[in-house]
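Below: the structure, in structure tokens.
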Amino acid sequence: MEEHEKGREAFGSDDDYRLHALRHSTAHVMAEAIGQVFEGAKFTVGPPIKDGFFYDVDVERPITEDDLTTIQAAMKKICKRNSKFEKRVLSRDEAIQLFTDLEQPYKVERVSMLSDDEEISVYDQGGFQDLCRGPHVQRTKNCRHFKLLKVSGAYLHGDSQNKQLQRVYGTVWPTRDALDTYMFRIEEAKKRDHRRLGTKLGLFMFHDYSPGSAFWLPKGEDLYHTLSEAMRTLLVGGGYSPVRTPMVFAKKLWETSGHWEHYQEGMYHFAEGHYAEGDSDEEEDSTILGLKPMNCPSHMLIFGNQRRSYRELPLRLHDQGCLHRNELKGALSGLTRVRQFCQDDAHIFCSEDQIEGEVASLLHLVEKVYGAFDLRLRVRLSTRPDKKLGSDELWDTAEGSLKAALEAAGVEYELKEGDGAFYGPKIDFEVLDALEREWQCATVQLDFQIPRRFELTYVGADNEEHVPVVIHRAIFGSFERFIGLLIEHYAGAFPVWLAPEQVRIATVSEKSKAHGNAVLEAARAAGIKAVLDDGDDKIGKKIRTWHGERVPYMAVIGENEQNDGTVTLRAREGLEGGTLSVEAFVERLGLESKVPFLD
């Protein structure tokens, strides 16, 4: 175990610190148990991670699900033994000798890699010794509320050229109730998996002929379109100008923006046409084209296309164009990691004294939009990375501007040192769904660098030229990822305004079909997404099908409704139904179909 010992000040709270120590310690307990089950097991690293821990081990055969049960039984005995975690500080030679004697070559390698000024410590838990800097709980009994989750492959040092190891994952919590709650969330998450529900509900599909790109089926396209148009309407009303830009650009653009240096591996690029014999390297290089992975460089070209005045600022450009990123095949995951996607993307060109007001407006916009979905937010401010554009002075100004805007708005935030974009610091919004899981979606990024690289200027009130600041921002983020989030957040049971089918009109018999068709026409005339089920199935089967497809409402049309000119409204769980006149039925669904964040 090579996790650096961190003081409590490195964590958000004392609870975070205690959980870190607990998961750190349970990884040691699991390693000891694996060593008991697999004689000769070699250990590499096993850090605590969000909600749990893992350990990478080198064993003679693959670890199976049955092995996990055996390892868990051994872990329970270690916890019951209640050994104390005891720290010993060793010299380099002593540590190398210890792990050589224990036949742990990966630990020997790790000790050899440590610098001369690093303390070398070993933790002993009743005979099992591991290279470790802590922190730890006091005794193994503290680790008893655990569960092993899965096994996967992992390359030594994360390098695919090295040997493949076995990675065993687990979770641990301070109490049995906390563990049970987490395991319930895990099982519920499986039921809500957007890949399973998206197929079941007919929203989208994937095909090996286009890996990493979704095929939006009619219902999914409707959902996508609803979100897209709602955001477009909201932004146009907020002073944004919609634009559309090309998908393919010459390499020179990406060199100018800095993306060729900092993001080339994430781009699709190719040669234009064919090279003629004798073409120079410079001529060949000029024919390299790239699919755009983001919109910002093209928006710089729009701003720079004409002479600009301070009176035009802030200039807000909104673009929902198609983007491509060359994600690794193994990283692709349903809608949450794709190669083709669209964002509700925008870039705000403004002066430095407009930054605070624009960021404050964006904070309000994010809160308003996510509130409409009953999604909670956590805010994080990410500062300059090691590999960055521009001078420290400009970064100081940019980071100071975002901090001032957050503090002026009274927004609590967590600082993430070194996690900013290569061109500027950013505010990321971690979204908490119905299962309290975090999703990264919205972002606000402050850029002093790229406008300078494109030599952008505007004429100020002093009649002098000034360089604009650019705020990169997305509210949903990518539509693909956001829809994946929503499918899992709502478990496929979308609110009426978002549902691709809002009401299923079901006739009971042949006698009520005429009234069913009249209700369908009235609903569609009012813009309600209604579908008529006038087939010969019994009404009970129609109701079961409707429930399975998670449509918000069913309007049942029988002889009584035919005679009275009414509908009997059945509602999905949590919604009210009742018998209504056709006019009242249409009015009710019309009101519930309004986009909440457009009010």
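Each reported figure results from applying straightforward, stated rules to the coordinates on display, with no laboratory input. As the structure is a prediction and not an experimental result, all values here were calculated from the model. With ideal geometry, Cβ positions are generated from the backbone for all residues, glycine too; neighbour counts draw on all protein chains shown.
If you average the sequence gap of Cα pairs under 8 Å that are 6 or more apart and divide by the length of the chain, what percent do you get for the contact order? Let's see the in-between values first.
On the way: 1077 pairs, mean separation 60.8, N = 599.
The value is 10 percent.
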Review point. Just going by the charge dipole of the chain, with Lys and Arg at +1 and Asp and Glu at -1 on Cβ, which of F184, L223, V411 is farthest out on the positive end?
Key: F184
Review point. Can you give the extra length, in nm with one decimal, that the chain gains between L102 and T70 once fully stretched, where that is 0.36 nm per residue apart less the Cα-Cα distance?
Key: 9.2 nm
Exercise for review: Please work out how much length the chain gains when fully extended from D208 to A408, using 0.36 nm per residue of separation minus the C-alpha to C-alpha distance, in nm with one decimal.
Suggested key: 67.1 nm
Check your understanding: Using alpha carbons only, what's the Rg to Rh ratio of region 503-598 with Rh from Kirkwood?
Key -> 0.95
Point to revise | Within region 476-511: backbone nitrogen closer than 20 Å to the N560 label point (7 Å, Cα to C-beta) | key: 504-511
Exercise for review: Note down the net charge around T256, summing +1 for each Lys or Arg and -1 for each Asp or Glu among other residues with Cβ under 12 Å from its Cβ.
Suggested key: +1
**Study point:** Cα-centre dipole for the chain with unit charges at Cβ (Lys and Arg positive, Asp and Glu negative), debye to 20
**Key:** 2360
Check your understanding: Using alpha carbon centroids, what distance separates region 82-106 and region 113-143, in Å?
Key -> 9
Revision key, fill the gap. Between L598 and E573, Cβ-based FRET efficiency (R0 30 Å, step 0.05) works out to 0.70
**Study point:** FRET efficiency estimate (nearest 0.05) - Cβ-Cβ, E436 to K368, R0 25 angstrom
**Key:** 0.70
**Study point:** Part-to-part distance (alpha-carbon centres) for region 300-350 and region 528-599, which is given in Å
**Key:** 40
**Study point:** Cα-Cα over 32 Å, subset of K76/K329; K76/K416; K252/K387; K84/K150
**Key:** K76/K329; K76/K416
Review point. Using a cut-off of 18 Å between alpha-carbon atoms, which lysines can reach K163, once sequence neighbours fewer than 8 places away in the same chain are excluded?
Key: K42, K107
**Study point:** lysines whose Cα lies under 21 Å from that of K529, excluding same-chain neighbours fewer than 8 positions away
**Key:** K200, K219, K513, K542, K594
Check your understanding: What are the lysines whose alpha-carbon lies under 19 Å from the alpha-carbon of K80, with same-chain residues fewer than 8 places away excluded?
Key -> K141, K147
Review point. In percent, how large is the relative contact order of region 8-183, given Cα pairs closer than 8 Å and 6 or more residues apart?
Key: 28
Exercise for review: For every other residue with a beta carbon closer than 13 angstrom to the beta carbon of D447, add +1 if it is Lys or Arg and -1 if Asp or Glu, then tell me the sum.
Suggested key: +3
Check your understanding: Name the residues of region 108-149 whose amide N is less than 12 Å from a point 7 angstrom out from the Cα of R176 along the C-beta direction?
Key -> 145-146
Check your understanding: Given a Förster distance of 41 angstrom, what is the FRET efficiency for E464 paired with A525, based on the Cβ-Cβ distance and rounded to 0.05?
Key -> 0.10
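Sort region 26-178 into rounded, prolate or oblate with this rule: let a ≥ b ≥ c be the square roots of the eigenvalues of the Cα gyration tensor; rounded if a/c is under 1.5, and if a/c is not under 1.5, prolate when a/b is larger than b/c, oblate otherwise.
The shape class here is oblate.
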